[in-house]
Amino acid sequence: MSLGFLSGQLDIWHIFRFREALNRVSNLRICFVCQSLAGLGGLQRAVALLANELVSRGVDVSVLMDTPELGENPYGLSSDVSILPVGIKGASKPLGKLVSKVRRHSGLLKPICHEHSLGGSVIDKKSLAAVHEALKEGRFDVVVGCDPLHTIVAVYACDGLSIDVCGWQHSTYDGYFNQSGRGFYGQDCLYAFALRRCKVNFVLTEQSKEVYELHTGHSAIVLPNSIVNMGTRGYAENCVLYCGRLDPGSKGADYIPRIAEALAVRGFAGEFLVVGDGPYLPSLEEWLEDARLPFKMELKGFVTDAERYYEQATVLISPSRWEGFGLSILEAMSHGVPCVAFENDGPCSLIDDPVDGLIVPNGDVESLAERTMEILGDERLRRSMGDAAVEAARGYLVGAQADRFLESLKG
């Protein structure tokens, strides 16, 4: 037998296997159960990016959101992604609302874990039944709950259906379950109970994987967030950037005035850009009106073209108290912009200190300002960190994320 003939046979075999794999993907039906993608946030952006990548590969993708309206579609969800005309409602009866409120603030009155029944203090029973019917009618192969509550909803809504359920968590365990009055405080036991019926539980970082597995007793798979493409480097010289939701809790937006003042004390005379919207914006606007800063500071609000601000930036700051991932850090890195971040889960998983950015103690505003000035004042350091940041960011393109997601579903 000639080598040419054998080579031809191998080519035919590879083509056959490729088409077989493509058919498997094309026949796959996936539904993401999540918060409204009309809202702003890292979770919404991550779901939209992955959904768009999957439909581009021929996967049949739907989303079932808290409210079925997409609004202005801030993250560009593809028109090829179906939006199921069903919403998800929380507790609707007075007693259920009261129990839910007490639980969220005290951790008491935790929901009872039943195999086939979900309490009315977690989700309205009629709403859960409607979600069940929508998923049944959709004949999905996989349903993905995109935070602890939506993981719980997905598990109970798929009860009795031949559907693989997955969880996809977008914050740290501490951020979700250990913050009184926020997140899913008081629902940790129900979440762990629901995970018993999940095929896969995705988390964002290796550190989160360890913590989730420790507290829930269930295995987790790391699925980092992603970017669509690499950014353009601007090589700016004297611009500090904050880019993210202006939340005075998890995102640490209330640190921004103190950071600005600490930079001023250290002689910063460039530009400080704050890009993003959120509940702290009015307070920040009020503070800025009275501030006497020796540099230009602008509040840009929500923008749809964040890329141009990364191109203008010299350093990104991330003052988050807790951060599940840090998408703005990754986006900045793709533009060759190093980041100075408070130490917590997300930034530590992305930044290789001191190679492509810097980590400072959580809450230490003075250290954050000092290290920011260090980068601003050293062109060689900026360039070397920027080069390393670009190379690190290449490993987070959405194609690689989709590959890992689809491969994990096979296990």
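Of all the numbered requirements in (1) assigned to a loop (DSSP other than H, G, I, E, B); (2) surrounded by fewer than 17 Cβ atoms within 10 Å (Cβ to Cβ), Val337 misses one, and that requirement is (2). Pairs linking a residue in the range 65-76 that is in the same structural domain as Ile30 (by TED's automatic domain parsing) to a residue that is buried (at least 18 other Cβ atoms within 10 Å of the Cβ) and charged (D, E, K, R), with Cβ atoms under 6 Å and 6 or more positions apart or on different chains, are Tyr75/Arg45. Selection of the range 312-332 for residues being closer than 17 Å to Asp353 by Cβ and over 16 Å from the mean Cα position of the chain (by Cα) yields Val315, Leu316, Ile317, Pro319.
Inside the range 357-382, residues that are surrounded by fewer than 16 Cβ atoms within 10 Å (Cβ to Cβ), farther than 18 Å from Ala269 by Cα and without any contact (Cβ under 8 Å) to a residue 12 or more places away in the chain make up a count of 2. Applying the criterion of being touching a residue at least 60 places away in the same chain (Cβ under 8 Å) and out of contact with any strand residue (DSSP E or B) (no Cβ under 9 Å at 6 or more places or on another chain) to the residues of the range 189-220, the residue that is surrounded by the fewest Cβ atoms within 10 Å (Cβ to Cβ) is Cys189.
Candidates in the range 383-403 are the residues that are touching a strand residue (DSSP E or B) at 6+ places or on another chain (Cβ under 8 Å) and part of a helix (DSSP H, G or I); of these, the one that is farthest from Gly267 (Cα to Cα) is Val398. Sub-8 Å Cβ pairs linking a first residue in the range 385-406 that is farther than 17 Å from Gly234 by Cα to a second residue that is of a type in the set (Lys, Arg) and surrounded by fewer than 17 Cβ atoms within 10 Å (Cβ to Cβ), at least 6 apart or interchain, are Ala402/Arg57, ordered by first then second residue. Of the residues making up the range 227-247, just one is buried (at least 23 other Cβ atoms within 10 Å of the Cβ), touching a residue at least 60 places away in the same chain (Cβ under 8 Å) and part of a loop (DSSP other than H, G, I, E, B), namely Gly244. Using the structure shown, decide if Leu135 is among the aliphatic types (A, V, I, L, M) and within 16 Å of Val61 (Cα to Cα). Answer is yes for this residue. Report whether or not Glu53 is surrounded by fewer than 16 Cβ atoms within 10 Å (Cβ to Cβ) and not in a strand (DSSP E or B). Taking the combined requirement at face value, the residue does not satisfy it. Screening Gly90, Gly71, Gly145 for residues that are within 25 Å of Lys410 (Cα to Cα) and small (Gly, Ala, Ser) leaves exactly one candidate, Gly145.
Please find, within the range 137-152, the residue that is surrounded by the fewest Cβ atoms within 10 Å (Cβ to Cβ) out of those that are hydrophobic (A, V, I, L, M, F, W, C) and within 23 Å of Leu54 (Cα to Cα). Walk me through how you get there before you give the answer.
Filtering the range 137-152 down to residues hydrophobic (A, V, I, L, M, F, W, C) leaves 140, 142-144, 146, 149, 152.
Still in the list and also within 23 Å of Leu54 (Cα to Cα): 140, 142-144, 146.
Details: Phe140: 24, Val142: 21, Val143: 29, Val144: 28, Cys146: 26.
The selected residue is Val142.
In the range 289-308, the residues that are more than 19 Å from Glu72 (Cα to Cα) and part of a strand (DSSP E or B) reach residues that are of a type in the set (Phe, Trp, Tyr) and modelled with pLDDT of 95 or more with C-beta atoms within less than 9 angstrom, at least six apart or across chains, in these pairs: Lys296/Phe272; Met297/Phe272; Glu298/Phe272.
Counting only residues that are among the hydrophobic types (A, V, I, L, M, F, W, C), buried (at least 19 other Cβ atoms within 10 Å of the Cβ) and not in a loop (DSSP other than H, G, I, E, B), how many does the range 91-129 have?
Filtering the range 91-129 for residues among the hydrophobic types (A, V, I, L, M, F, W, C) gives 91, 95, 98-99, 102, 108-109, 112-113, 118, 122-123, 128-129.
If we keep only those that are buried (at least 19 other Cβ atoms within 10 Å of the Cβ) too, we end up with 91, 99, 118, 122-123, 128.
Cutting the leftovers down to not in a loop (DSSP other than H, G, I, E, B) gives us 99, 128.
Of the residues in that region, 2 qualify.
From Ala332, Ala260, which residue is under 18 Å from Glu366 (Cα atoms), of a type in the set (A, V, I, L, M) and either touching a strand residue (DSSP E or B) at 6+ places or on another chain (Cβ under 9 Å) or assigned to a loop (DSSP other than H, G, I, E, B) (or both)? Even if it seems obvious, please write down each step before you answer.
Values: Ala332 fails: under 18 Å from Glu366 (Cα atoms).
Answer to the check: Ala260.
The set of residues from the range 280-293 being of a type outside the set (Lys, Arg) and out of contact with any Leu (no Cβ under 7 Å at 6 or more places or on another chain) comprises Pro282, Ser283, Glu286, Trp287, Glu289, Asp290, Ala291, Leu293.
The values are calculated or read from the model by the stated rules, or taken from the named source; none is laboratory data. Since we're looking at a predicted model, the values are computed, not measured. Backbone-built Cβ (ideal geometry, glycine too); neighbour counts: all protein chains shown.
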